[in-house]
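Chemist: Mind looking over this structure? Questions follow.
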Amino acid sequence: MKRITALLLVLILALILCGCGHEHVWRQATATEPKTCTICGTTEGEALGYAWGEVSYEWAEDNSSITATRVSGTDPSIVETETATVTAEVTKEPTFEEPGETTYTVSFENPDFPSQTRTVADIPPRSYEWGEISFVWNEDGSLTATRVSGADPSVSETETATVTA
Ligand SMILES: [Zn+2]
């Protein structure tokens, strides 16, 4: 009789340990975990995966940094975000007529966030810094006005006017 009792105890213990004989209480699958029994830990099927949505990028107003964000389609409370510093490089020098351009580039540590590039015409055109106007009377009685750029002496502006008496 003692032997049978002992055997029964071992059997019950084994039953408890393996978790057999209960009705599984399922916790629904999540992005990272499959459907799992909360009592015995038995799993069924596979994790749902993140099903990431599209990456959105938000540039700082001064283009100094950029934040990449993506949201899990499985669970919108799972958000992945990374802010990276932007490298700025002048890719086009300004002229007197046209503004210069800066190209802003950023690389993220997260390999799923592709690097971003943006080119902005944000360097104002050069100032002529005009010098004083010089006047020269011509033999035919007309007057020539000339001014030279202080920023670039090879640039000058000239106009000849007929003088009416
Ligand atoms: Zn179970």
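The values are calculated or read from the model by the stated rules, or taken from the named source; none is laboratory data. Fair warning: this is a prediction, and the values are worked out from it, not measured in the lab. All Cβ positions, glycine included, derive from the backbone under ideal geometry; neighbour counts span all protein chains shown.
Chemist: Can you tell me which of 51, 84 is buried (at least 16 other Cβ atoms within 10 Å of the Cβ), touching a Ser or Thr at 6+ places or on another chain (Cβ under 7 Å), small (Gly, Ala, Ser) and farther than 30 Å from residue 158 by Cβ?
Modeler: Every option except 84 fails the conditions.
Chemist: So residue 148 clears everything in (1) more than 30 Å from residue 163 (Cα to Cα); (2) part of a strand (DSSP E or B); (3) not basic (Lys, Arg) except one condition, right? Which one?
Modeler: Going through (1) more than 30 Å from residue 163 (Cα to Cα); (2) part of a strand (DSSP E or B); (3) not basic (Lys, Arg) one by one, residue 148 breaks only (1).
Chemist: Those residues that are among the β-branched types (Val, Ile, Thr), surrounded by 10 or more Cβ atoms within 10 Å (Cβ to Cβ) and at pLDDT 70 or above, I need them from the stretch 1-35; list them, please.
Modeler: Listed by number, the residues that qualify are 25, 30, 32.
Chemist: Given 89, 61, which one is part of a loop (DSSP other than H, G, I, E, B) and not basic (Lys, Arg)?
Modeler: Residue meeting the stated conditions: 61.
Chemist: On to the next question. Any chance you could count how many residues in the stretch 30-44 are in a loop (DSSP other than H, G, I, E, B), within 15 Å of the ligand (Cβ to nearest atom) and within 36 Å of the chain's Cα centre (by Cα)?
Modeler: 2
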